[in-house]
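Written out below as structure tokens is the structure these notes cover.
Each reported figure results from applying straightforward, stated rules to the coordinates on display, with no laboratory input. As the structure is a prediction and not an experimental result, all values here were calculated from the model. All Cβ positions, even for glycine, are placed from backbone atoms using ideal geometry, and neighbour counts span all protein chains on display.
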Amino acid sequence: MNTKIIMTASALLLATIGLLFTFLPAEILQYFNAAASKPFVLLIQISGALYFSFAMLNWMTRS
């Protein structure tokens, strides 16, 4: 099985989610009908950075 395709797809998906969570946390919370208080916004941004870092790891180790 060729894992390069899986790692590339995973990296692209995680990077997209990570960038959305990092730069649009209030809109994401509003979409899920959650209160957009500062702690929740910060938590979403931190998780976005985590997703983006996992995307970078997948991208670098795909070969």
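Points to keep in mind about this one:
- Helix axis angle, 3-23 relative to the chain longest principal axis, alpha carbon, degrees: 20 degrees
- Computed FRET value (nearest 0.05) for residue 45 with residue 3, which takes r as the C-beta separation and R₀ as 35 Å: 0.70
- Residue 56-residue 23 FRET efficiency (beta carbon distance; Förster radius 22 Å; 0.05 resolution): 0.85
- Translational diffusion of the chain, µm² s⁻¹ [Kirkwood Rh, Cα pairs; Stokes-Einstein; 10 °C; 1.306 mPa s]: 130 µm²/s
- On Cα atoms only, tilt of 38-60 relative to the major axis of the chain in degrees: 10 degrees
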